[in-house]
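*Asks:* My questions all concern the structure below.
The values are calculated or read from the model by the stated rules, or taken from the named source; none is laboratory data. Everything numeric here is computed off the predicted structure, so don't read it as measured data. Methodologically, a virtual Cβ is constructed for each residue, glycine included, from the backbone with ideal geometry; neighbour enumeration extends over all protein chains shown. The area values use the complete protein model at the heavy-atom level, side chains included, leaving out ligands, DNA and RNA. Shrake-Rupley method; radii C 1.70, N 1.55, O 1.52, S 1.80 Å.
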Amino acid sequence: MSFDRHLSRRSFLSFSALTAASALTGCASSANTVTSGDTTIIYRSPMRLFQSMETSSVPSGAELAVMYGPVEDGGFLIPAVPYEQIDPRYYRQRVVDPTGQPPGTIVVDTPSRFLYLVQGDGMAMRYGVGIGREGFAWQGSGVIQWRQRWPRWKPPNEMVARQPELVKYSIENGGMEPGLKNPLGARALYIFSNGEDTLYRLHGNPDWRSIGKAVSSGCVRLLNQDIIDLYDRVPTKAPIVVWQ
């Protein structure tokens with residue numbers, strides 16, 4: 001890629017409009033995915049135009065075995081991820097930054113199922129993610145207002161009303177205790193916009209099969225090993241942009 005083309009691409013993306021949509025209702029697993037016969041989700045994003053121009057360095061097998069091996073953390077033993085069964089493009093890796101955003105910014109490219117953490121050398125860390133179903137999605141810009149290790153999951157009242165079986169995990173009942181089966185996984189990053197909680201989270205994921213798919217009620221889920229890595233790199237108040 002030529003230097004001029006790289007600048008042109010970054011300039012285009014820098015001026016892409018970002019508008020906030022309605023807040024989400026919460027994060028949870030769902031049987032409806034983009035691969036089901038009854039559901040079709042169509043996304044459009046300026047970033048998709050540049051995916052083919054992006055270069056990356058896929059980790060070696062030895063590196064992947066370490067990156068996605070078992071992890072003891074917070075009193076829990078996170079199992080190894082069978083990374084051989086995941087599309088290699090969703091492995092954590094450094095890539096040429098395609099976002100045009102300032103260093104330290106998190107960018108979620110919903111259509112491509114990627115999350116980028118922009119670095120200061122023209123590069124970015126890229127993570128594969130699972131994303132929310134159409135109708136629950138949020139887009140716009142905000143900040144990581146709060147971060148939590150092994151968070152409790154407290155589904156909003158609207159979600160409990162739709163799924164009464166979740167009442168035992170309601171806000172009033174204190175939520176689901178932390179653990180390997182908790183839908184928020186090992187870490188959660190809480191997104192606020194204009195001082196308000198969007199109810200949109202970046203969080204860990206006990207189900208590696210969801211990476212690259214639309215399987216949650218709105219939040220961005222990463223492999224537990226990846227959310228721990230991201231958590232350690234991203235401070236509170238970090239800016240975040242979500243593209244649909």
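*Asks:* Tell me which residues, restricted to the range 186-220, are assigned to a strand (DSSP E or B), basic (Lys, Arg) and modelled with pLDDT under 95. Spell out how you get there, then give the answer.
*Replies:* Here is the first cut: in the range 186-220, the residues assigned to a strand (DSSP E or B) are 187-193, 196-203, 214-216, 220.
Adding the requirement that they be basic (Lys, Arg) leaves 187, 201.
Selection gives 201 alone.
*Asks:* Might you check whether a residue that is among the polar types (S, T, N, Q), closer than 17 Å to residue 143 by Cβ and in a loop (DSSP other than H, G, I, E, B) occurs anywhere in the range 221-238? Steps first, please.
*Replies:* Narrowing the range 221-238 to residues among the polar types (S, T, N, Q): 224-225, 236.
Those still in the list that are closer than 17 Å to residue 143 by Cβ too: 236.
Then drop every residue that is not in a loop (DSSP other than H, G, I, E, B), which leaves 236.
Yes: one or more hits.
*Asks:* Kindly provide the set of residues from the range 176-185 that are more than 20 Å from the chain's Cα centre (by Cα) and assigned to a loop (DSSP other than H, G, I, E, B), ordered by number. Spell out how you get there, then give the answer.
*Replies:* Going residue by residue through the range 176-185, those that are more than 20 Å from the chain's Cα centre (by Cα) are 176-177.
Answer for the range 176-185, where residues must be more than 20 Å from the chain's Cα centre (by Cα) and assigned to a loop (DSSP other than H, G, I, E, B): just 177.
*Asks:* Would you check if residue 143 is open to solvent by 20 Å² or more (accessible area, probe 1.4 Å), more than 16 Å from residue 203 (Cβ to Cβ), modelled with pLDDT of 95 or more and over 13 Å from the mean Cα position of the chain (by Cα)? So that I can check it myself, show each step before the final result.
*Replies:* Numbers: open to solvent by 20 Å² or more (accessible area, probe 1.4 Å): yes; more than 16 Å from residue 203 (Cβ to Cβ): yes; modelled with pLDDT of 95 or more: yes; over 13 Å from the mean Cα position of the chain (by Cα): yes.
Answer is yes for this residue.
*Asks:* Mind counting the residues in the range 84-109 that are open to solvent by 40 Å² or more (accessible area, probe 1.4 Å) and of a type in the set (Phe, Trp, Tyr)? Break it down into steps so the answer makes sense when it comes.
*Replies:* In the first step, residues of the range 84-109 are kept if they are open to solvent by 40 Å² or more (accessible area, probe 1.4 Å); the result is 84-85, 87-89, 94, 102-103.
Within this subset, residues satisfying the condition of being of a type in the set (Phe, Trp, Tyr) are none.
Counting residues in the range 84-109 that are open to solvent by 40 Å² or more (accessible area, probe 1.4 Å) and of a type in the set (Phe, Trp, Tyr) gives 0.
*Asks:* Return the residues of the range 65-76 that are closer than 18 Å to residue 188 by Cα and either in contact (Cβ under 8 Å) with a residue 12 or more places away in the chain or open to solvent by less than 60 Å² (accessible area, probe 1.4 Å) (or both); say none if nothing qualifies.
*Replies:* Going through the range 65-76, the residues closer than 18 Å to residue 188 by Cα turn out to be 71-76.
Of everything in the range 65-76, those that are closer than 18 Å to residue 188 by Cα and either in contact (Cβ under 8 Å) with a residue 12 or more places away in the chain or open to solvent by less than 60 Å² (accessible area, probe 1.4 Å) (or both) turn out to be 71, 73, 74, 76.
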